[in-house]
Amino acid sequence: MKNKNVIDLEALTPEQLERICSLAEEIKRAPEKYRHSCDGKILATLFYEPSTRTQMSFQTAMLRLGGRTIGFDDPMNSSVAKGENLKDTITIVSGYADIIAMRHPSEGSATAATLCSSVPIINGGDGGHLHPTQTLTDVITLNAEKGRLHDLTIGLCGDLLNGRTVHSLIKTMANYKNNKFVLISTKALSIPGYVRSILERKHCEYKEVSSLKEAIAELDVLYMTRIQQERFASEQEYMDQKGIFVLDCEKLALAKKDMVILHPLPRVDEIDVKVDNDPRACYFKQAVYGMYGRMALIYLLLNDRDFAFDCYKPQLSDSKCKNPKCIVQSESYLPYNCKYDSDGHLVCNYCDHIIE
């Protein structure tokens with residue numbers, strides 16, 4: 001059984017991922033060849049959370065392919081403000097559009113959207129869970145800037161608990177040989193257990209440290225992230241973590257001359273603006289690579305009927321997921337679905353948290 005929903009890059013085979021990367025490079029070299037490849041097609045961008053790069057990148061990608069866009073960037077300007085549930089919104093919009101890109105604050109919301117959509121769903125970020133097209137952006141950037149996706153020491157710094165971009169990137173880069181991971185965070189913001197289990201299952205070398213200055217010299221890639229204020233329960237909890245990790249020129253002087261600095265953006269205070277002038281700073285180029293990656297993905301989903309992903313039928317569960325951030329907490333009509341992960345744990349099909 002196959003589908004065309006892009007919820008997690010894990011669903012893609014290495015060959016499919018390579019095909020997207022190659023097509024993105026081709027579109028970048030010769031954009032005129034693809035200028036009318038999606039004529040008459042409509043992309044709906046449903047963004048329940050604020051976004052600049054991801055939303056505009058999707059919209060620009062579709063426009064450059066010759067298509068059109070509809071959607072909202074503030075749910076309060078839609079029927080959501082009147083109490084409409086996710087099911088009804090997706091059902092209606094999938095009748096208007098050929099493909100949907102969605103961002104939502106609840107973990108597992110993209111999977112929930114696939115249950116009622118008649119068109120492909122692309123996950124533009126579901127809470128602190130996953131962000132596959134940002135990872136696609138990261139992979140394309142690394143391939144272009146480092147010339148390889150293997151034999152890299154990758155440092156990830158900041159909010160590793162709530163950083164969906166971090167979770168997606170680790171899951172993807174763990175598939176390439178000899179990649180090592182240096183996880184730089186406070187104890188309170190360390191990676192969730194299911195991501196740590198992935199590293200251990202794939203026998204990836206990794207270590208968890210609390211000092212960016214001490215770790216930076218060994219890195220080939222430094223992936224900085226902001227402390228995500230919107231994920232904290234209180235202002236005080238956020239302030240306790242804010243400003244702990246900052247990349248400045250003093251720390252950068254200790255790094256390799258060919259280290260690549262990435263950041264999913266937006267930046268707050270975790271990268272000093274003086275670092276922008278360093279040739280190792282690739283985060284603005286990274287955003288442009290992302291547009292070409294999304295162009296390639298949209299093109300394949302709409303124009304290649306064989307470009308689809310293996311899926312499975314989840315099991316119904318009698319137990320409601322206990323993750324307070326899971327979509328089942330707010331969308332009460334959803335069936336309780338579960339699956340077994342690679343470690344044999346019974347996990348929520350929406351948010352990947354272990355069901356006890």
**Asked** Once the piece of chain linking D88 and T60 is laid out straight, how much longer is it, given 0.36 nm per residue of separation minus the C-alpha distance between them?
**Response** 7.4 nm
**Above-threshold pairs, the threshold being 28 Å between Cα atoms, out of K202/K339; K207/K251; K41/K322; K28/K213; K4/K171** = K41/K322; K28/K213
**Base-10 log of normalised Debye intensity for the stretch 1-116 (one unit scatterer per alpha-carbon) at q = 0.20 Å⁻¹** = -1.27
**Asked** What is the dipole size for the chain, taken about its Cα centre, with +1 at each Lys and Arg Cβ and -1 at each Asp and Glu Cβ, in debye to the nearest 20?
**Response** 640 debye
**Fill in**
SASA check, L136, accessible area w/ 1.4 Å probe, all protein chains in place, rounded to nearest 10 Å², comes out at 0 Å²
**Request:** Would you rank Y283, Y96, Y194 by solvent-accessible area, highest first, keeping every protein chain in place and using a 1.4 Å probe?
**Result:** Y96, Y194, Y283
**Request:** Stick to the Cα atoms of the chain, pair each with every other, and give me the Kirkwood hydrodynamic radius in Å at one decimal.
**Result:** 20.8 Å
**Message:** I'd like the accessible area for M62: 1.4 Å probe, protein heavy atoms, all chains in place, Å² to the nearest 10.
**Reply:** 0 Å²
**Asked** Largest first, what is the accessible-area ranking of K146, K2, K87 with a 1.4 Å probe?
**Response** K2, K87, K146
**Prompt:** In units of 2.2 N^0.38 Å, what is the alpha-carbon radius of gyration of the stretch 69-199?
**Reply:** 1.23
**Request:** Note down the accessible area of H345, probe 1.4 Å, to the nearest 10 Å².
**Result:** 70 Å²
**Asked** For D258, D318, what's the largest-to-smallest order of accessible area, 1.4 Å probe?
**Response** D318, D258
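The values are calculated or read from the model by the stated rules, or taken from the named source; none is laboratory data. Given the structure is predicted, the values throughout are model-derived calculations rather than measurements. Every residue, glycine as well, gets a Cβ built from its backbone with ideal geometry; the counts of neighbours run over all protein chains shown. These accessible areas exclude ligands, DNA and RNA; they are computed on the full protein's heavy atoms, side chains included. Shrake-Rupley method; radii C 1.70, N 1.55, O 1.52, S 1.80 Å.
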